[in-house]
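The values are calculated or read from the model by the stated rules, or taken from the named source; none is laboratory data. The shown structure was predicted, so the numbers you read here are calculated from the model rather than taken from an experiment. Every residue, glycine among them, receives a Cβ derived from its backbone with ideal geometry; neighbour counts consider all protein chains shown.
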């Protein structure tokens with residue numbers, strides 16, 4: 001692997017190499033070969049409105065499978081069988097990355113899913129008589145919780161890190177406040193335009209979010225105050241004509257890229273003493289979790305986050321344990337630490353003392369003998 005150029009991270013260089021990779025296809029112009037059919041399928045999903053990122057992912061996953069098939073002398077789509085795809089699935093399961101770790105189940109499921117879509121389209125368009133991938137079962141993807149959820153005090157500590165006496169610090173404070181108040185994704189924050197801000201109504205228009213959907217979300221007064229100050233005092237110094245209207249500008253006058261945003265936020269997270277906790281998505285998780293704990297309905301949080309399915313938002317019901325903690329404290333017998341409660345040894349000593357007193361009383365009664373009958377009462 002060549003060294004990364006100055007100003008370009010190793011991860012960025014690897015990503016660029018993946019985008020420009022030339023696949024070693026055999027007979028790439030054969031009309032019956034899988035490379036030609038792959039390009040036709042990619043044009044199909046592109047026309048249907050899939051994003052370029054989705055198209056790139058689909059091309060990468062299916063191209064990997066095609067090269068794997070070529071190594072086994074399988075060049076035509078009609079020669080691909082279900083047992084062959086099952087072999088590829090087992091290969092993905094036992095494959096190891098450069099650091100020795102296995103591919104995650106979600107990575108395996110993603111690659112197999114694109115292969116299933118490819119062969120489903122080939123069958124639908126009559127390139128194949130039957131679909132060899134129809135019976136392939138995808139691996140069950142594990143459901144993981146976020147690695148770290150910011151508390152309110154941790155979030156406030158991160159927000160205090162930028163030096164607001166400098167233009168860049170003022171920009172970064174406004175950026176962090178916007179992330180925390182709205183919970184937008186980093187890509188949505190980078191595309192934010194000045195005309196999308198409604199300072200009077202306290203709202204933000206998120207344009208072409210995930211799934212190419214627009215939504216309007218509220219933004220807090222404090223975030224608006226920092227945004228207003230940044231737009232008046234700091235942003236004019238970053239503008240390089242022509243101004244495209246991006247809210248958060250870089251040193252060269254253009255919008256901040258998602259990688260720039262992650263690097264920028266990550267530095268402030270580490271400065272706050274939260275190493276390896278994450279970056280932009282930390283504020284998205286924190287916003288949703290804290291709103292849920294403070295009584296917000298989960299459907300309002302779904303609208304804020306731009307989730308299509310409620311099940312995606314329900315992950316925050318597993319993270320937010322404030323209500324569960326209250327019920328646990330109120331109902332579990334050992335949940336409270338009572339300072340005046342006696343230890344088990346002290347309780348046992350008290351019990352033995354009571355028994356000793358009772359025994360002493362019974363012996364005293366026996367030594368006195370029978371008592372005389374009371375007057376007027378028959379013996």
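Numerical summary
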read-out: Options 88, 94; residue that is in contact with a strand residue (DSSP E or B) (Cβ under 9 Å, 6 or more places away or on another chain) and either in the same structural domain as residue 23 (by TED's automatic domain parsing) or surrounded by 11 or more Cβ atoms within 10 Å (Cβ to Cβ) (or both); value: 94
read-out: Residue check for residue 36: surrounded by fewer than 18 Cβ atoms within 10 Å (Cβ to Cβ) and at pLDDT 90 or above; value: yes
read-out: Residue check for residue 111: at pLDDT 95 or above, closer than 30 Å to residue 278 by Cα and part of a helix (DSSP H, G or I); value: yes
read-out: Residues satisfying the stated conditions in the range 149-184, i.e. closer than 13 Å to residue 285 by Cα and either surrounded by fewer than 15 Cβ atoms within 10 Å (Cβ to Cβ) or out of contact with any helix residue (DSSP H, G or I) (no Cβ under 9 Å at 6 or more places or on another chain) (or both); value: 151, 152
read-out: Selection from the range 249-275 of residues that are in contact (Cβ under 8 Å) with a residue 40 or more places away in the chain and part of a loop (DSSP other than H, G, I, E, B); value: 256, 257, 272, 273, 274
read-out: Within the range 129-156, tally of residues that are farther than 22 Å from residue 321 by Cβ and assigned by TED's automatic domain parsing to the domain that holds residue 232; value: 0
read-out: Residues satisfying the stated conditions in the range 304-321, i.e. surrounded by 14 or more Cβ atoms within 10 Å (Cβ to Cβ) and either at positive phi or outside any loop (DSSP other than H, G, I, E, B) (or both); value: 304, 305, 306, 313, 315, 316, 317, 319
read-out: Number of positions in the range 210-230 that are loosely packed, with under 12 Cβ neighbours inside 10 Å and in contact (Cβ under 8 Å) with a residue 40 or more places away in the chain; value: 3
read-out: Residue 266 being at pLDDT 85 or above, surrounded by 15 or more Cβ atoms within 10 Å (Cβ to Cβ) and under 20 Å from the mean Cα position of the chain (by Cα); value: yes
read-out: Residue check, residue 348 surrounded by 11 or more Cβ atoms within 10 Å (Cβ to Cβ) and at pLDDT below 70; value: yes
read-out: The listed residue being loosely packed, with under 11 Cβ neighbours inside 10 Å, on the phi < 0 side of the Ramachandran plot and at pLDDT 70 or above, out of 333, 379, 372; value: 333
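Residues checked against (1) farther than 24 Å from residue 153 by Cα; (2) in contact with a strand residue (DSSP E or B) (Cβ under 8 Å, 6 or more places away or on another chain); (3) not assigned by TED's automatic domain parsing to the domain that holds residue 209:
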position	(1), (2), (3)
282	no, no, no
287	no, no, no
292	no, no, no
297	no, no, no
300	no, no, no
304	no, yes, no
311	yes, no, no
322	no, no, no
334	yes, no, yes
